[in-house]
Amino acid sequence: MGKILRTVLYIPGNSPGMIQHCPVFGADAVALDLEDAVSIREKDAARRLVTAFLDSLDFSRVYVSVRVNGAQTPYFKKDLEAVVPKGPDALRIPKCESTDDVKRAEEIISALEDEAGIPKGTVKIHAMIETARGLEKAYDIATSSKRLEALTLGGQDLLADLGIQKTPHGRELLYARSRVVTAARAAEKQAFDTVWTDINDINGLFEEARLAAELGFAGKAAIHPSQIPVIHEAYKPHPAEVARARRIMASAQKAESEGRGVFSVDGRMVDAPVIERARHLLRLSELYENSNRGDETS
Amino acid sequence: MSKNTPFKSRTAQCGTLESSDCLVTISESETSHIDYRGANAGIFRKRTEAIVKELLDESDLTSVAVSIQDNGALEVTIRARIETAIERFLQGR
């Protein structure tokens with residue numbers, strides 16, 4: 001994936017006041033929500049509203065995904081038919097439990113892209129893992145489609161499916177988080193963490209976002225704009241890490257020009273994965289430098 | 001209609017009264033008319049009435065009354081709300 005997405009802000013799909021402000025909340029990505037945030041009576045209104053905004057709003061640099069209703073609902077196909085022709089960056093597909101769930105979405109999206117005359121593969125899939133069955137199939141799901149860009153953990157539904165409660169320390173989700181990240185990375189995809197639901201508990205959010213970053217999640221979902229700077233802070237690389245990444249990249253360039261494959265920095269051997277990690281860290285740190293210059297809100 | 005049967009006019013609604021939204025109500029009526037209200041109604045009346053007429057014409061709807069309470073909705077929102085209200089009206093919802 002090209003863009004670094006530390007935050008994915010859920011936006012209720014039937015709330016024009018929220019949708020129209022998507023470019024200014026400061027999130028790296030938004031997920032326009034047609035699923036849980038919209039009552040059954042308002043599915044049609046939300047679908048039309050989201051479609052209209054996809055058509056007309058300049059989302060600026062914000063990555064735009066749409067969480068559609070699940071494949072097992074009567075709204076799934078209608079959502080895809082309305083949204084895909086507008087070419088959002090991705091669709092979040094809820095409750096993926098098998099490769100068939102992704103392949104079914106893939107087939108419909110491909111046909112709709114063809115009809116709309118947009119290049120095949122434009123609209124990516126973010127598969128939501130939010131059931132025990134889905135968790136067990138996470139790697140299969142992650143490798144089921146080239147269009148699949150990321151796995152996202154849906155913590156609330158997963159806890160309900162497991163019959164357990166959310167706790168502040170989040171130990172109950174440790175296995176699921178680790179499993180989702182490992183499955184996604186094994187398939188060379190990204191993983192996104194679930195939401196932190198207590199809007200008033202900033203410290204809890206920060207700790208959980210830090211844990212998500214440490215475990216390897218590319219970013220975390222947010223349910224309120226106030227959560228965005230907290231998550232960004234949790235993902236902020238330490239200055240010492242950034243300085244070391246710069247030294248690694250400088251040494252890598254020197255080694256390449258001298259035809260050397262392996263070299264050391266600060267007494268530690270550096271190879272391709274370390275260089276890749278350093279490159280990612282520098283790209284991540286640029287987001288904060290841009291923010292300081294006022295180019296981006298974070 | 002018998003004396004004892006209450007007249008039930010077909011009505012459909014879409015939208016909310018929240019800020020940046022509008023509430024659109026479409027009802028059966030002997031004569032077509034548009035009732036557009038809101039803080040900016042004076043500024044946007046012509047534009048909004050033109051949108052309503054355009055969308056009613058597209059759906060071949062003639063004898064209806066359209067009421068819009070506009071609480072600062074963008075044009076894209078007004079269009080989407082009217083379109084959904086028309087769709088609901090035609091579906092009898």
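Can you give the relative contact order of chain A as a percent, counting alpha carbon pairs under 8 Å and 6+ residues apart?
Numbers: 528 pairs, mean separation 45.6, N = 298.
Dividing the mean separation by the residue count of chain A yields 15 percent.
Could you work out how far helix B:75-91 tilts from the main Cα principal axis of chain B, as a 0 to 90 degree angle to the nearest 10?
Rounded to the nearest ten degrees, it is 10.
Check which residues have an amide H placed less than 5 Å from A:ILE11's amide H, if you skip close sequence neighbours.
Answer set, sorted by chain and number: A:ALA31, A:LEU32, A:ASP33.
Considering only protein heavy atoms, what is the solvent-accessible area of A:SER285 at a probe of 1.4 Å, reported in Å² to the nearest 10?
Roll a 1.4 Å probe over it and A:SER285 shows about 10 Å².
Work out, step by step, the length gained on full extension between A:ALA160 and A:ALA250: first 0.36 nm times the residue separation, then minus their alpha carbon distance; give nm to one decimal.
27.5 nm
Tell me the total accessible area that A and B bury against each other, 1.4 angstrom probe, in square angstrom rounded to 100. Present the calculation step by step, with values, prior to reporting the outcome.
Details: alone 14120 and 5930 Å², together 18870 Å².
Buried area between the two chains comes out at roughly 1200 Å².
Quickly estimate the mean residue ellipticity at 222 nm for chain A, helices only: each DSSP H run with n ≥ 4 gives -39500 (n - 2.57), and the total goes over all residues, rounded to 500.
Theoretical 222 nm ellipticity from helices: -14000 deg cm²/dmol.
If amide H atoms are built 1.01 Å from N in the plane of the peptide, which residues on other chains or at least 5 residues away come under 5 Å of the amide H of A:TYR63?
Hits under the 5 Å cutoff: A:ALA29, A:VAL30.
Could you pull out every residue, at least 5 positions away or on a different chain, whose amide H is within less than 5 Å of the one on A:VAL270? Hs are placed 1.01 Å off N in the peptide plane, and Pro or chain starts have none.
Distant-sequence amide H within range of A:VAL270: A:PHE263, A:SER264, A:VAL265.
Let me spell out the model: positive unit charges on the Cβ of Lys and Arg, negative unit charges on the Cβ of Asp and Glu, origin at the Cα centre of the protein assembly as shown. What dipole size does that give, in debye rounded to 20? Walk me through the intermediate numbers first.
Numbers: 52 positive and 58 negative charges, 92 e Å.
Charge dipole of the protein assembly as shown: 440 debye, to the nearest 20.
Under the Kirkwood approximation for Rh and a Cα-based Rg, what ratio Rg/Rh is obtained for the protein assembly as shown?
A ratio of 1.06.
Summarise the partner chain shielding of A:53-59 as one whole number: the mean count of Cβ atoms from other chains within 10 Å of each residue's Cβ.
Mean partner shielding for this stretch: 2.
Loop only per DSSP, at most 15 neighbouring Cβ atoms within 10 Å: give me the trypsin sites (Lys or Arg not before Pro) in the stretch A:1-46, ordered by residue number.
A:LYS3
Tell me the carbon and sulfur percent of the accessible area for the protein assembly as shown, rounded to whole percent, probe radius 1.4 Å.
The nonpolar share, carbon plus sulfur, comes to 50 percent.
Pairs of Cα atoms under 8 Å, at least six residues apart: use those to get the relative contact order of the stretch A:163-220, whole percent.
Relative contact order of the stretch A:163-220: 37 percent.
Could you check which residue among A:LYS254, A:LYS95, A:LYS124 shows the biggest mean-square fluctuation in a GNM of chain A with a 10 Å Cα cutoff?
Residue with maximal mean-square fluctuation among A:LYS254, A:LYS95, A:LYS124: A:LYS254.
Would you list A:MET128, A:MET18 from the most to the least accessible area, probe 1.4 Å?
Highest to lowest solvent-accessible surface, that is A:MET18, A:MET128.
In whole percent, what relative contact order does the stretch A:1-86 give with Cα contacts below 8 Å and a gap of six or more residues?
31 percent
Which one of A:ALA82, A:LEU54, A:ALA250 is farthest out on the positive end of the charge dipole of chain A, using unit charges on Cβ (Lys, Arg +1; Asp, Glu -1) and the Cα centre as origin?
After comparing all options, I get A:ALA250.
Can you compute the modelled spin-label distance between B:LEU61 and B:ASP35, with each label point 7 Å from Cα toward Cβ, in nm?
Using points 7 Å along Cα→Cβ, the separation is 1.6 nm.
Got a sec to turn the phi values of the stretch A:161-169 into Karplus ³J(HN,Hα) couplings, 6.51 cos²θ - 1.76 cosθ + 1.60 with θ = phi - 60°, whole Hz, x for Gly and Pro?
So the Karplus estimates, Gly and Pro as x, are 5, 7, x, 10, 9, 6, 10, x, 7 Hz.
Which residue fluctuates the most in chain A, going by a Gaussian network model with Cα springs under 10 Å, if the choices are A:ALA142, A:ALA191, A:ALA111?
Answer for the Gaussian network model of chain A: A:ALA111.
If the label point is 7 Å along Cα→Cβ of A:SER178, which residues in the stretch A:196-231 have backbone nitrogen under 13 Å from it?
Only A:215-216 fall inside the zone, counting backbone N under 13 Å.
To make sure I understand the rule: partners must be lysines, Cα under 25 Å from the Cα of A:LYS137, and not fewer than 8 residues away in the same chain. Which ones qualify?
Once the sequence-local lysines are set aside, what remains near A:LYS137 is A:LYS77, A:LYS95, A:LYS103, A:LYS124, A:LYS146, A:LYS166, A:LYS189, A:LYS220.
Please average, across the residues of A:14-25, the number of beta carbons from any other chain that are within 10 Å of each residue's own beta carbon, and give a whole number.
That works out to 4 on average.
Given a 1.4 Å probe and the protein chains all in place, what does the accessible area of A:ARG61 round to, in Å² to the nearest 10?
About 130 Å², ignoring ligands and nucleic acids.
The values are calculated or read from the model by the stated rules, or taken from the named source; none is laboratory data. Quantities reported herein were computed from a predicted structural model and do not represent experimental measurements. When we count neighbours, we look across all protein chains shown, and the Cβ atoms used for this are built from the backbone with ideal geometry, even at glycine. Ligands, DNA and RNA are excluded from the accessible area calculation, which covers all protein heavy atoms including side chains. Shrake-Rupley method; radii C 1.70, N 1.55, O 1.52, S 1.80 Å.
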